[in-house]
Amino acid sequence: MPTKILHKEKLIPGRTSKLVLDAPQIAATARPGHFVILRVDERGERFPLTIADTDKEHGTITIVYLVLGRSTQMLEELEEGQEILDVCGPLGRATCIETFAAPKKVICVGGGTGVAAMHHIAKGHHEAGNYVIACIGARNKDLLLFEKELSLFCDEVLVSTDDGSAGRQGIVTDLVRDRLDSEGGNIAEVVAVGPVPMMQAVADLTRGYNVPTTVSLNSLMVDGLGMCGACRVTVGGQMKFTCVDGPEFDGHQVDFAELRSRLGSFRTQEAQAREHHRCNCFERKEA
Amino acid sequence: MSQEVTRGAKIPRHDMPCQAPEERIRNFNEVALGYTAEMAREEATRCLQCKKPLCRTGCPVDIAIPDFIAEVVKGDIDEASRIIHASSSLPAVCGRVCPQEKQCEGRCILGKKGQPVAIGRLERYVADHASAEKMPEIKKTGRRVACIGSGPSSVTCAGYLARLGVDVTMFEGLHEAGGVLIYGIPAFRLPKDVVAHELDGLRSMGVDIRLNHVGGRTVTVDSLLKEGYDAVFIGVGAGLPHFLGVPGENCIGVFSANEYLTRVNLGRAHSFPDYDTPVAPGRHVTVFGAGNVAMDAARTALRLGAESVHIVYRRTRAEMPARGEEIEHALEEGVKLLELSAPVRFLYDEENHLTGVELQRMELGEPDASGRRRPRPVEGQNFVQETDLAIVALGTRSNPLMLDCTPGLKLTEKGYIAVDENGETSIPNVYAGGDIVTGAATVILAMGAGRRAAQSIARKMGLEQ
């Protein structure tokens, strides 16, 4: 089912883009936390991306990606009006959103393109009536994502940059630590989505405060439909599958070291594919 | 009759012509090349045409085996095909992948003293050589049925109903239709064009196949019934793989057979990097399990260039559940068996890459509930097998994706969908069949279930007695 790109916005030129896709069937049932599996062309690889936003009225979903490997490179080469060959979903379990009465608050932390996935979850918390504090971080102000989108509904948006070019100088966990200290037990839940080291750091931090923490994992997947087991992770000593048991898990229980290692399963082949892509992308487009 | 008996018993069973092992491990083309007309005829004359054919009782869908074989003797392949099609929708598939030695051929009277009639090979011959069936004029009934999944059970159900004039829509979650026939069974055992031919047949009968539609997600049973489908058939197949549960299983280099085969069969990883899906190229491969999927994985690894492939099994070759032909083909190709060995833990280097597996020697004790002798460990005889790619082929459990999202659907103790003798679930007008009902089983059983459900649906609609 080829899926049309209705709108493309280059958030960080050459690195990260946002696509709004015409996908009414997916939009109709997608909830925060869900992901889709995409395949760009006939020879493409299936890969998962978390849904960053949905618009049920217009039948669209939004995805945001970091150009990293060949598949995201090919996605980046598509323009508005063109089609992605396969988009399937919504997959995974939706975020479990509890309503917390004031003065309880929820902190939603995002790093890298994880900010986009976090955006959908933060929106879910907001719509459930929760007080939402968004914490987003990047190396510098040009790499910050979704600040404007988050400020549309979040009660607070806190920013950190490594170089201090926007918000507070430092890393995003510093923002979280400050709020955990200043809120004195009012933080009911922390949600963290982003690079594995960031999610691990947040989980390590909140463990000391005994605050429930949800992380959204980006495991490798093949079918994404609960068949292959590529996305297995260890959570609380048990084997879980990100595609059907997740993608969200209790951050205090996830074996992050194993997750990081498994994410590198195909590092050699990924480098090979990138090189191959550089040499052959013209020919492939012609084919 | 007596003359025929002598004839049948005297002619030796025809071997299947195959690609030579040293040749075929360098390609993904079909290994078994199929009988010639002469071989088929001669093999068919071996059939004794028993008055009470035991072969039929061994066939899960009760194909009139002696009748179709008699037509092969006469040379009327189209009539033979018509006879098979009265009971089976996918003879080109089943002739290739059915475990005949446990079914029809296992009951053949000739097998008592010598070699049974090669029923599977004859079935394949008929399927491959019959002229295209002339499609009778289909009168539309205005009835609509949704089939979720596009594997053997759904294909059978859809085909049966489409012939009766039902508008069938088939929903497939993956980007290619065919289910296990596409992502699971390798092309060297079941060429993709055989499957494509069956699916084209469905399309020509007006079946609408929608890809990237995940049952339970993109479409739900509830949404389909509300949309006006008169009945829904759930044939979503098997789910998550079983793992061994030994330490080190999540290191880099341990795959489920599902993942390994899906990467190659669906993702065309054998053509990486022209295709984008990668697969780990193992040098010393170990495969755990001894069913058909284990054989498929082992033989795929050879074709991807492995230097050595060992199948590790707790019991011995005699107890292996795979089809005899698959085991023979694997051995001919150079796959080695490590019998009476069970994994204790996987070993890996500082970068978490698999380097070996510690195995424990086993011996066979008393028979268990399955009648097979139970393996038990021999203490103090552990050894290490070097391996950089391990493939776990221990079967699958039910897939939660569909079940979680279908309130009111009654499950069995093991988590599969509970159905009555007509294939109907606890939700009226919702049917199910195949692996999601039985647990991992065979193509022919799934097909039989799809057919049974289709018949019940047709009866309910008043389209059949």
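The values are calculated or read from the model by the stated rules, or taken from the named source; none is laboratory data. It should be emphasised that the depicted structure is a prediction, and the values quoted were computed from it without experimental measurement. Glycine gets a Cβ as well: all are built from the backbone with ideal geometry, and neighbour counts include every protein chain shown. These area figures cover heavy atoms from the full protein model, side chains too; ligands, DNA and RNA do not enter into them. Shrake-Rupley method; radii C 1.70, N 1.55, O 1.52, S 1.80 Å.
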With x for Gly and Pro, the residue-by-residue ³J(HN,Hα) of region B:413-418, computed from phi through the Karplus equation 6.51 cos²θ - 1.76 cosθ + 1.60 at θ = phi - 60° and given in whole Hz, is 4, 7, x, 8, 6, 7
Share of Cα-Cα pairs in region B:35-131 beyond 23 Å, whole percent, is 11 percent
Coil-residue trypsin sites (Lys or Arg not before Pro) of region B:131-164, DSSP, other Cβ within 10 Å capped at 14 = B:LYS134, B:LYS139, B:LYS140
How many times 2.2 N^0.38 Å is the alpha carbon radius of gyration of the protein assembly as shown?
-> 1.02
Region B:363-427: trypsin sites (Lys or Arg not before Pro) in DSSP loop, at most 14 other beta carbons within 10 Å = B:LYS410, B:LYS414
Can you tell me the FRET efficiency between B:ALA369 and B:LEU331 if r is taken as the Cβ-Cβ distance and R0 is 35 Å, rounded to the nearest 0.05?
-> 0.75
Hey, what's the protein assembly as shown come to in accessible area per residue, 1.4 Å probe, Å²?
-> 41 Å²
One quarter of the C-alpha convex hull surface, i.e. the mean projected area of region A:7-100 in nm², amounts to 6.7 nm²
Rg/Rh over Cα atoms for region B:225-373, Kirkwood Rh, comes to 1.05
Averaged over residues of B:217-225, the number of beta carbons from other chains lying within 10 Å of each residue's Cβ is 3
Mean projection area, nm², convex hull over Cα of region B:247-333 | 6.0 nm²
Charge context of B:PRO99, other residues only, Cβ under 10 angstrom, K/R +1, D/E -1 = -2
Heavy-atom accessible area of the protein assembly as shown with neighbours in place, 1.4 angstrom probe: carbon+sulfur share in percent works out to 49 percent
Going out from 0 in 5 Å bins, what whole percent of all Cα-Cα distances in region B:349-428 drops into each bin?
-> 3, 10, 11, 11, 12, 11, 11, 12, 10, 7, 2, 0
Mind grabbing the interface size between B and A? I mean buried accessible area, both sides, 1.4 Å probe, in Å² to the nearest hundred.
-> 3900 Å²
Reachable lysines from B:LYS51, Cα under 28 Å, same-chain residues fewer than 8 places away excluded?
-> B:LYS10, B:LYS74, B:LYS102, B:LYS112, B:LYS113
Amide H to amide H, which residues 5 or more places from B:ILE148 or on other chains are under 5 Å from it, using H placed in the peptide plane?
-> B:PHE171, B:PHE233, B:ILE234, B:GLY235
Choice from A:LEU85, A:LEU75, A:LEU217 showing the highest fluctuation, given a GNM over chain A with Cα pairs closer than 10 Å | A:LEU85
Of the DSSP beta bridges with both residues in chain B, give the percent that are antiparallel, rounding to the nearest 5.
-> 40 percent
Please pull out the direction-averaged projected area of region A:140-287, using the convex hull of its alpha-carbon atoms, in nm² to one decimal place.
-> 12.4 nm²
Please name which of B:GLY114, B:ALA70, B:CYS59 has its Cα lying farthest along the dipole of region B:58-139 towards the positive end, using unit charges on Cβ (Lys, Arg +1; Asp, Glu -1) and the Cα centre as origin.
-> B:GLY114
Quick one: among A:MET198, A:MET118, A:MET227, which has the greatest mean-square fluctuation in a GNM of chain A with alpha-carbon springs under 10 angstrom?
-> A:MET227
Two decimals is fine: what's Rg over Rh for region A:60-188, C-alpha atoms, Kirkwood radius as Rh?
-> 1.02
In cubic angstrom per residue, the convex hull of chain B built on its Cα atoms measures 161 Å³
Cα centroids of region A:127-163 and region A:71-97: how far apart, whole angstrom?
-> 23 Å
What does the charge count near B:TYR313 come to, summing +1 for each Lys or Arg and -1 for each Asp or Glu among other residues with Cβ under 14 Å from its Cβ?
-> +4
Restricting to lysines and to Cα separations under 25 Å from A:LYS141, and discarding same-chain partners fewer than 8 apart, the set is A:LYS8, A:LYS10, A:LYS18, A:LYS123
Please give the peptides A:4-14, B:189-199 ranked by average Cβ packing (other Cβ atoms within 10 Å per residue), highest first, as a rough proxy for protection.
-> B:189-199, A:4-14
Bridge orientation stat for the protein assembly as shown from DSSP, antiparallel percent rounded to 5, came to 50 percent
With both partners inside chain A, how many of the DSSP beta bridges are antiparallel, as a percent to the nearest 5?
-> 60 percent
Under 5 Å, built H, 5+ apart or other chain: amide partners of B:VAL344 = B:GLU358, B:LEU359, B:GLN360
Cα extents of chain A along the three principal axes, largest first (Å) = 61, 39, 39
Region B:154-287 - convex hull of alpha carbons, volume per residue in Å³ | 142 Å³
Calculate the dipole size of the protein assembly as shown relative to its Cα centre from +1 charges on Lys and Arg beta carbons and -1 charges on Asp and Glu beta carbons; express the result in debye to the nearest 20.
-> 1820 debye
If contacts are Cα pairs under 8 angstrom and at least 6 residues apart, what is the relative contact order of region A:1-149 in percent?
-> 26 percent
Hey, in the GNM for chain A with a 10 angstrom Cα cutoff, which one of A:PRO212, A:PRO247, A:PRO103 fluctuates hardest?
-> A:PRO103
For region B:27-76, what does the alpha-carbon gyration tensor say about shape, rounded, prolate or oblate, given a ≥ b ≥ c as the root eigenvalues, a/c under 1.5 as rounded, and a/b over b/c as prolate?
-> oblate
May I have the convex hull volume per residue, in Å³, for the Cα set of region B:324-393?
-> 121 Å³
Relative to the isolated chain, which residues of region B:312-354 have their accessible area cut by 20 Å² or more in the presence of all protein chains (1.4 Å probe, heavy atoms, no ligands or nucleic acids)?
-> B:ASN352
What percent does the relative contact order of region A:186-263 come to when contacts are Cα pairs within less than 8 Å and at least six residues apart?
-> 30 percent
What's the local net charge at B:VAL287, with K and R +1, D and E -1, over the other residues with C-beta under 11 Å away?
-> +1
